[in-house]
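Readers should treat all values here as calculations from the given coordinates under stated rules, not as data from a laboratory. Note that this is a predicted model, so its numbers are computed, not measured. Counting neighbours? That spans all protein chains shown, and the Cβs are built from the backbone with ideal geometry, glycine included.
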Amino acid sequence: MTFGSPGANNDWAIEENFQYEVWTDSDKTLAVHYQAADNANAFVPDRITVLLDANGDLLLGYYDGLAVGTHPAEVLEDCQAIWGP
């Protein structure tokens, strides 16, 4: 999730070859709801990962220590535990 424009976020996601959605949260509602920002005055969101169910309800949140080298494997392992391989 970023506070940038949808177009800029889409271009960035394509450039990075992301296989998932990058949300644009220009009014910061989602950032505050999912605790990526303390309030709507935040300049940038914190780096977090959230796993949501089909209704958008929080299943699992990762808020601290998102190590680039190990975090993706941790999330994948948790996804497989929740939804299967």
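Some observations on this one:
- For the chain, the longest principal axis of the alpha carbon atoms and the long axis of helix 6-15 meet at an angle near 40°.
- Qualifying chymotrypsin sites (Phe, Trp or Tyr not before Pro) in segment 19-85, DSSP loop, other Cβ atoms within 10 Å at most 16: Tyr20, Trp23, Phe43, Tyr63
- Helical content of the chain, expressed as a calculated mean residue ellipticity at 222 nm, amounts to -9500 deg cm²/dmol (DSSP H runs of 4 or more residues, -39,500 (n - 2.57) each, divided by residue number, nearest 500).
- Rounded to 10°, Cα long-axis angle of helix 71-83 versus longest principal axis of the chain: 60
- Electrostatic tally near Asn39: other residues with Cβ closer than 15 Å to its Cβ, Lys and Arg +1, Asp and Glu -1, net -3.
- Leu66/Trp12 FRET efficiency (R0 22 Å; Cβ-Cβ; nearest 0.05): 0.75
- Sparse-neighbourhood loop sites, GluC sites (Glu not before Pro) in the chain - DSSP loop, at most 11 other Cβ within 10 angstrom: Glu16, Glu21
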